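Peer 1: My questions all concern the structure below.
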Amino acid sequence: MAEPLPPVTFAGRSSGKAFIPDEPGRFAGWLARYRDRRLSVTLEPERRRRTNPQNERYWALLVPAYMEWAGEPDKLQAHEDLLSLHNRADKLLPTGEVIKVTRSRVEVWLAQNGVEFPEWVS
């Protein structure tokens, strides 16, 4: 019996009705290998990590702004506060389990609370 092949990842976007791959030729070639066979496909939203300039801005501007506004002397604690306040949300999995997921709303919240930010140049 042949060993199962490792999962293959294709990035793309949704048209609302179909998956549109970034590499249509590669995707079509992969599908052609499995013609008339049943496939199981898992789709999930793409997670984008902060870029280095975004990360620098977060640590050099947003966290210190929160520290000053909240009177928090510890940078790591300020970061944890911000995560707890604004970057965590509950997500219900198909299994019924609830997990915490990360979202980015810190800057909006600080601005709504009167914190003004200078122009950021990385």
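The values are calculated or read from the model by the stated rules, or taken from the named source; none is laboratory data. In this text the structure is predicted, and so the values were computed from the model without any measurement. All Cβ positions, even for glycine, are placed from backbone atoms using ideal geometry, and neighbour counts span all protein chains on display. SASA here: full protein model, heavy atoms, side chains in, ligands and nucleic acids out. Shrake-Rupley method; radii C 1.70, N 1.55, O 1.52, S 1.80 Å.
Peer 1: Please go through the stretch 8-48 and give me each residue that is assigned to a strand (DSSP E or B) and touching a Pro at 6+ places or on another chain (Cβ under 7 Å), ordered by number.
Peer 2: Matches in the stretch 8-48: GLY12 only.
Peer 1: What residue, of PRO73, PRO118, PRO94, is in a loop (DSSP other than H, G, I, E, B), within 25 Å of ARG13 (Cα to Cα) and open to solvent by 60 Å² or more (accessible area, probe 1.4 Å)?
Peer 2: Among PRO73, PRO118, PRO94, only PRO94 is in a loop (DSSP other than H, G, I, E, B), within 25 Å of ARG13 (Cα to Cα) and open to solvent by 60 Å² or more (accessible area, probe 1.4 Å).
Peer 1: Okay, moving on. With the requirement that a residue be part of a helix (DSSP H, G or I) and touching a strand residue (DSSP E or B) at 6+ places or on another chain (Cβ under 8 Å), what does the stretch 76-89 give you? Spell out how you get there, then give the answer.
Peer 2: So the first thing to find is which residues in the stretch 76-89 are part of a helix (DSSP H, G or I), and the list is 76-87.
Across the stretch 76-89, the qualifying residues are LEU83, ASN87.
Peer 1: Still on this model: Quick one: count up the residues across the stretch 97-106 that are open to solvent by less than 90 Å² (accessible area, probe 1.4 Å) and modelled with pLDDT of 75 or more.
Peer 2: 3
Peer 1: Now, a different point. Please specify each residue of the stretch 12-48 satisfying the condition of being under 23 Å from LEU93 (Cβ atoms), loosely packed, with under 10 Cβ neighbours inside 10 Å and within 22 Å of the chain's Cα centre (by Cα).
Peer 2: VAL41, THR42, LEU43, GLU44, PRO45, GLU46, ARG47, ARG48
Peer 1: Still on this structure: Is it the case that SER84 is open to solvent by 100 Å² or more (accessible area, probe 1.4 Å) and either modelled with pLDDT of 90 or more or more than 19 Å from PHE10 (Cβ to Cβ) (or both)?
Peer 2: no
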